1. When residues of the stretch 98-121 are filtered for being part of a helix (DSSP H, G or I) and either under 19 Å from the mean Cα position of the chain (by Cα) or of a type in the set (A, V, I, L, M, F, W, C) (or both), how many remain?
2. Name every residue in the stretch 2-57 that is over 24 Å from Ala74 (Cα atoms), touching a strand residue (DSSP E or B) at 6+ places or on another chain (Cβ under 9 Å) and in a helix (DSSP H, G or I), in order of residue number.
3. Go through the stretch 109-151 residue by residue and tally those that are open to solvent by less than 50 Å² (accessible area, probe 1.4 Å) and among the hydroxyl-bearing types (Ser, Thr, Tyr).
4. Quick one: how many residues across the stretch 69-97 are farther than 20 Å from Thr3 by Cβ and outside any helix (DSSP H, G or I)?
5. Got a number for residues in the stretch 26-57 being in contact (Cβ under 8 Å) with a residue 40 or more places away in the chain and open to solvent by 90 Å² or more (accessible area, probe 1.4 Å)?
6. Among residues belonging to the stretch 153-162 that are in contact (Cβ under 8 Å) with a residue 12 or more places away in the chain and over 25 Å from Asn2 (Cβ atoms), point out the one that is least open to solvent (accessible area, probe 1.4 Å).
7. Somewhere in the stretch 1-14, is a residue closer than 23 Å to Ile172 by Cβ, in contact (Cβ under 8 Å) with a residue 24 or more places away in the chain and polar (S, T, N, Q)?
8. Residue check: is Arg199 assigned to a helix (DSSP H, G or I), open to solvent by 40 Å² or more (accessible area, probe 1.4 Å) and closer than 24 Å to Tyr19 by Cα?
Amino acid sequence: MNTDTDRDRGVLTTADREYLLGERELSHEQSKRNAEARIRRRIENGILDFDLLTHYLDEADRRQVFAGAADDEALIDAVTAMLSFAYIGLKEQGVDFERVLEPAVRGAETAYAVDQLSANVDVTVTFAVETEVNSSLDGVEARIAEGTPVSPRELFSLVMERETELAEHDRITLRVEDGPAAENDHVDRLADYLDADVRFPTDSLAVLTWAE
């Protein structure tokens, strides 16, 4: 996961990145709500901008954006995250990803064939997902190593069942779904048990750190 906050502005500003990573703490609840509302608006408008980018951005500019994709793992990871963000956002609203994926791939393949091959093509897109629910602690460890938020329950299970050494991480971010993170007893108990300092950059996030 790319946690570099000093990149040029994209959908997010440097301040937005610092806020989401828990590096910028806002003292007033209204300031937090304002920051989160601004981020939501930027995301929404950024998504809408892709309609313009797809149809009006010059081909040479698009090629330059993806020029290093074959060797740039950070770019590939970011595109993967972009699709994951869209997938879960649509899934939460009851919209099948197939509804957007199939026409996107079909349209792109058709346009590519016309532009690059001077040919017309028939495109068949097959998309199937099989999900098996499990509680893999390996997955929790991997997400912590990547800097991805985990739930208090997942971290508790990892500590109890694996006795994993966690202080080797600079920080661990917890995502709390049921109420303000600052009022969640599980977070406080985990922080005490792990002898960690805890900050609450947003209502849904808690950041555990260890003094050197």
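The values are calculated or read from the model by the stated rules, or taken from the named source; none is laboratory data. Since this is a predicted model, take the numbers as computed values, not measurements. Virtual Cβ from ideal backbone geometry, glycine too; neighbours counted across all protein chains shown. For accessibility, only protein heavy atoms count, side chains too; no ligands or nucleic acids. Shrake-Rupley method; radii C 1.70, N 1.55, O 1.52, S 1.80 Å.
1. 9
2. Within the stretch 2-57, Lys32, Ala35, Glu36 meet the criteria.
3. Total meeting the criteria: 2.
4. Here the count works out to 8.
5. Final tally of qualifying residues: 0.
6. Residues of the stretch 153-162 in contact (Cβ under 8 Å) with a residue 12 or more places away in the chain: 153-159, 161-162.
Now drop any that are not over 25 Å from Asn2 (Cβ atoms), which leaves 153, 156-157, 159, 161-162.
Numbers: Arg153: 182, Phe156: 109, Ser157: 34, Val159: 12, Glu161: 135, Arg162: 97 Å².
Among those that are in contact (Cβ under 8 Å) with a residue 12 or more places away in the chain and over 25 Å from Asn2 (Cβ atoms), it is Val159.
7. There is at least one residue in the stretch 1-14 that is closer than 23 Å to Ile172 by Cβ, in contact (Cβ under 8 Å) with a residue 24 or more places away in the chain and polar (S, T, N, Q).
8. no
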